[in-house]
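Reading through the structure tokens given below for one structure.
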Amino acid sequence: MAETKKNATLTLDGKSYDLPVFSPTLGPDVLDIRKLYGQADVFTFDPGFTSTASCESAITYIDGDKGELLHRGYSIEELAEHSHYLEVCYLLLYGELPTAAQLTDFEQRVTRHTMVHEQMHNFFRGFRRDAHPMATMVGVVGAMSAFYHDSTDINDPWQREVAAIRMIAKLPTIAAMAYKYSIGQPFVYPKNSLDYAGNFLHMCFAIPAEDYVVNPILAKAMDRIMMLHADHEQNASTSTVRLAGSSGANPFACIAAGIACLWGPAHGGANQACLEMLKEIGTVDRIPEFVAKAKDKDSGFRLMGFGHRVYKNFDPRATVMKESADEVLGLLGVENNPLLQVAKELERIALSDEYFISKKLYPNVDFYSGIILEAMGFPTSMFTPIFAISRTVGWISQWKEMIGDKGQKIGRPRQLYIGEPHRAYVDVRNR
Ligand code: CMC
């Protein structure tokens, strides 16, 4: 538990209450209000949790003003440059960078779990072909608790570990199967000679009739996209996973809940929405029209891929993603991609506009990821599933941390009730 070194005082109706103040290793102090209701008979009000720390965590730290993102203390820029996705998975899950032997062992354990239960193929076939792959994933990942019930006892550390490895290993297979099913192609089994990202590309783009050779540049770009999305502290989907897990629900059910939450356009669904918006804008000359619409509250339109609850300076993931977009499109020889031109110009115009400057709205991670994914050949409907694959390790690490927290309680917020006070029932004949 973090240390308390000082107190804050709350005065209410002439009475004073001492609130312990926690000092984190990084970030603002945190007022401990856990006893407040018992002592002062008041709740606190914070819809959207803009000022509420919901848990203690040692996994990821974000400084929104500095545009800083650290996993277990390591900056995302350094990880993106020197590390790779499975190493970052290990770091998030176990707290330290692995030794060479630990990394090999972890990679082997993940690789050995990439296949799904053969019966799952039949389960997939129950879905409509035109289902969104995210809809299929919510269902299939939820159903993993029916296929792998030998790893659903959350009180058994070994089962927790197996469930974690199973999900990290099988999510790419499940996402690729959802894609293949939606386009009417046969499922492609995982190929364990390939690395994590390359294997995913293979399962998405190989067909039995032809050889498919994974382009190492694209595999590296995919690995980087995965790394940049691996964890992001207590965001909406992670908080959903923690809340679902706080009741003792099994890990597969919790991750399915996280996938459902991620799908929304304000969260992981923004990558699909952003690329669709860039396509709708189409040409640079139409940008002012869309910027004006985004500034008009009555339009209900927002610039997708812009803004973030925490980052108020820049999103460090977006900076790396933009470099990757240039690199990948350059290597594919499509650097004159019209969407990239629109994106760059939109970024330039929005960042010099008073509305966006005053509200501290900057491109987020989803602004450039879709351009790379489309250049790789993915349809927009696969963008959010790729986010879900990548974030699975973050969800599991946070869930695991929560289960290991002795002070963990079921999540149960209170409310500011604004409904009718008590009233007497009126018989239907007298209404
Ligand atoms: N375009 C135009 N105006 C915006 C935008 C935007 N993209 N984002 C925020 N604003 C305005 C908003 O209207 C509000 O104005 P006012 O103060 O006058 O009412 C102000 O900026 C603050 O917005 P908010 O909705 O109170 O901020 P929030 O922290 O609740 O929302 C957000 C953060 C990411 C949901 C929001 O910025 C947004 O909807 N962005 C577009 C969707 C998007 O790109 N989401 C991906 C986020 S990053 C990846 C992930 O987390 O999954």
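The values are calculated or read from the model by the stated rules, or taken from the named source; none is laboratory data. If you're wondering where the values come from, they're calculated on a predicted model, not measured in any experiment. As a convention, Cβ positions derive from the backbone with ideal geometry for all residues, glycine included, and neighbour counts pool all protein chains shown. Ligands, DNA and RNA are stripped out before the accessible areas are found, and what is left, the full protein with its side chains, is counted by its heavy atoms. Shrake-Rupley method; radii C 1.70, N 1.55, O 1.52, S 1.80 Å.
For the chain, the longest principal axis of the C-alpha atoms and the axis of helix 316-331 are separated by about 10°. Each residue of region 139-155 was assigned a 3J(HN,Hα) from its phi angle through the Karplus curve 6.51 cos²θ - 1.76 cosθ + 1.60 (θ = phi - 60°); the sequence is x, 6, 5, x, 6, 4, 5, 7, 8, 10, 6, 7, 10, 10, 7, 6, 8 Hz, with glycine and proline shown as x. Helix 157-182 axis versus longest C-alpha principal axis of the chain: approximately 50°, rounded to the nearest ten.
For a test of the definition: using alpha carbon positions, the gyration tensor, and the 1.5 limit on a/c, classify region 32-163 as rounded, prolate or oblate.
Details: a/c = 1.85, a/b = 1.28, b/c = 1.45.
Cα axes put region 32-163 in the oblate bin.
Rolling a 1.4 Å probe across all protein chains gives ASP405 an accessible area of roughly 60 Å².
Model label sites at LYS15 and LYS406, defined 7 Å from Cα along the beta-carbon direction, differ in position by 3.1 nm.
Compare the Cα positions of SER151, SER182, PHE123 along the charge dipole of region 96-202 (+1 at Cβ of Lys, Arg; -1 at Cβ of Asp, Glu; about the Cα centre) and return the one farthest towards the positive end. Result: SER182. Amide hydrogen proximity for GLY264: with H placed 1.01 Å from N in the peptide plane, the residues at 5 or more positions away or on another chain lying under 5 Å are GLY269. Note on ASN430 and ALA131: with the Förster distance fixed at 41 Å, the Cβ-Cβ geometry gives a FRET efficiency of about 0.25. Based on alpha-carbon atoms, the Kirkwood radius and the radius of gyration of the chain give Rg/Rh equal to 1.00.
Over the chain, DSSP H runs of length four or greater, each weighted -39,500 (n - 2.57), average out per residue to a 222 nm ellipticity of -15500 deg cm²/dmol.
Run the numbers on region 1-81 and let me know its relative contact order in percent, using alpha-carbon pairs under 8 Å that are six or more apart.
It comes to 17 percent, rounded to a whole number.
Over region 1-158, Cα pairs under 8 Å with separation of 6+ residues give a relative contact order of 9 percent. Summing charges over neighbours of LYS400, with a neighbour being any other residue whose Cβ is under 13 Å away from its Cβ, gives -3 when K and R count +1 and D and E count -1.
Solvent exposure of region 8-103, expressed per residue, is 60 Å² of accessible area, with all protein chains present and a 1.4 angstrom probe.
Split the accessible area of the chain by element, probe 1.4 Å, and carbon with sulfur accounts for 53%. Computed from phi, the 3J(HN,Hα) profile of region 284-292 under the Karplus parametrisation 6.51, -1.76, 1.60 (θ = phi - 60°) reads 4, 5, 8, 4, x, 4, 6, 5, 4 Hz, with x in place of Gly and Pro. With contacts taken as Cα pairs under 8 Å at a separation of at least 6 residues, the chain carries a relative contact order of 19 percent. Amide H contacts for LEU19 (H built 1.01 Å from N in the peptide plane; partners 5 or more residues away or on another chain; cut-off under 5 Å): ALA8, THR9, LEU10.
Each part reduced to its alpha carbon centroid, region 364-427 and region 9-24 end up 31 Å apart.
Applying the Karplus relation 6.51 cos²θ - 1.76 cosθ + 1.60 with θ = phi - 60° to region 412-428 yields 3J(HN,Hα) values of 8, x, 9, 8, 9, 6, 10, x, 5, x, 4, 9, 7, 5, 10, 4, 4 Hz, where x marks Gly and Pro. The C-alpha atoms of the chain define a longest principal axis, and helix 251-262 lies at about 90 degrees to it.
Packing order of peptides 222-230, 83-91, highest average first: 222-230, 83-91 (average count of other Cβ atoms within 10 Å over each peptide's residues).
Per residue, the accessible area of region 256-393 comes to 40 Å² when a 1.4 Å probe rolls over the protein heavy atoms.
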